[in-house]
Amino acid sequence: MAIWNLGSINADYIYSVPHIPAPGETLSSTKRQAFLGGKGANMSVAAARAAAHVNHIGAVGPDGGWAVERLLEYGVDIRNIAEIDTETAQAIIMVDPGGENAILLHPGANAEIPQTTLQTAMAEAQTGDWLVIQNETNLQRTAAALGKRMGLQVAYAAAPFDAARVQAVLPHLDFLILNAIEAEQLHKATGQSPKDLPVRDVIVTLGADGADWYGTGEKEHFPARQVDPVDTTGAGDTFTGYVLAGLDRGMPMAQAIKQATKAAALMVTRPGTADVIPDLSEVQALQ
């Protein structure tokens, strides 16, 4: 089987700051680092490092060749990443000493992925493969509808949250993952709690409190591993990529979530994004 990820590709610039700035406040950073990032790229790298066959569908600008090469180095199939005339997306990420962050996104090429790139990729997909979408690119609704018609399993990471975009793809979803704040926002928009949504599997991530899975109508809670966080950036994407890789490899949902919880715990102990996502051997070695 395979995972097809219609996903963002960013240049992530991470600034260490004494605290997340308030409106109007000017701060000096104590450190600056550059990484490959974007929710899509993070999830592709995580799934590939979890031993899944991952095909990334996306776009970069003329300045983005390094990002595509990096994805290839991490085991991601890059044949369906287009180079277009719009600059590669960027993220400015501020991280405080407790590991919390604030993020500013410039969408760039992520918002202009050609529809022909999506169609070319989907022509290779097989019934039962996974299609993953999230809100940092265009074409989510088109991809979800196409994937459903083709018999793919459609997964959606509902971030950055937009109620209208989530509602547009809900009828096509087999798997939905969102955090507690996003779940509450969706509840307000639809009147439906996670257990009431018309989706086979829903996971609500709870940060340091773990995650809740709504599968057969009952909620099952999975506690998080307790670690000292350095940077929470990319932890949710790592969790998502590992869950999907586990499911693609035939794991039961509970086993996939437990493995993903370990991966996310390792991830928050490291500063950075896609470049520092743990591989499967590291996750399996964590007791």
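Scanning segment 80-100 for residues being touching a residue at least 40 places away in the same chain (Cβ under 8 Å) and open to solvent by 50 Å² or more (accessible area, probe 1.4 Å) gives a total of 5. Going by the structure shown, is THR238 touching a helix residue (DSSP H, G or I) at 6+ places or on another chain (Cβ under 7 Å), closer than 20 Å to ASP209 by Cα and buried (at least 24 other Cβ atoms within 10 Å of the Cβ)? Yes: the conditions hold for THR238.
A single entry from GLY250, GLY241 fulfils the requirement of being under 18 Å from TYR156 (Cβ atoms) and either modelled with pLDDT of 95 or more or of a type in the set (D, E, K, R) (or both): GLY241. Residues that are of a type in the set (Asp, Glu) and more than 16 Å from GLY215 (Cβ to Cβ) were ranked within segment 179-201; the one that is farthest from the chain's Cα centre (by Cα) is GLU184. Contact map, segment 273-287: first residue in a helix (DSSP H, G or I), second residue basic (Lys, Arg), Cβ cut-off under 7 Å, separation 6 or more or different chains; pairs are VAL276/ARG270; LEU280/ARG49; VAL283/LYS262.
Criterion first (at pLDDT below 95, closer than 30 Å to THR269 by Cα, touching a strand residue (DSSP E or B) at 6+ places or on another chain (Cβ under 8 Å) and aliphatic (A, V, I, L, M)) does VAL68 satisfy it? Here the answer is no, as VAL68 does not meet what is asked.
Under the condition of being part of a helix (DSSP H, G or I) and more than 13 Å from ALA168 (Cα to Cα), the residues counted in segment 181-199 number 10. In a loop (DSSP other than H, G, I, E, B), without any contact (Cβ under 8 Å) to a residue 60 or more places away in the chain and out of contact with any helix residue (DSSP H, G or I) (no Cβ under 9 Å at 6 or more places or on another chain), is that true of GLY151? Here the answer is yes, as GLY151 does meet what is asked.
Per-residue answers, yes or no, for (1) part of a strand (DSSP E or B); (2) modelled with pLDDT of 95 or more:
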| residue | (1), (2) |
| --- | --- |
| ILE92 | yes, no |
| ALA102 | yes, no |
| ALA109 | no, yes |
| GLN119 | no, yes |
| ALA125 | no, yes |
| GLY128 | no, yes |
| LEU131 | yes, yes |
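The values are calculated or read from the model by the stated rules, or taken from the named source; none is laboratory data. Given the structure is predicted, the values throughout are model-derived calculations rather than measurements. Note: ideal-geometry Cβ built from the backbone for every residue, glycine included; neighbour counts use all protein chains shown. These area figures cover heavy atoms from the full protein model, side chains too; ligands, DNA and RNA do not enter into them. Shrake-Rupley method; radii C 1.70, N 1.55, O 1.52, S 1.80 Å.
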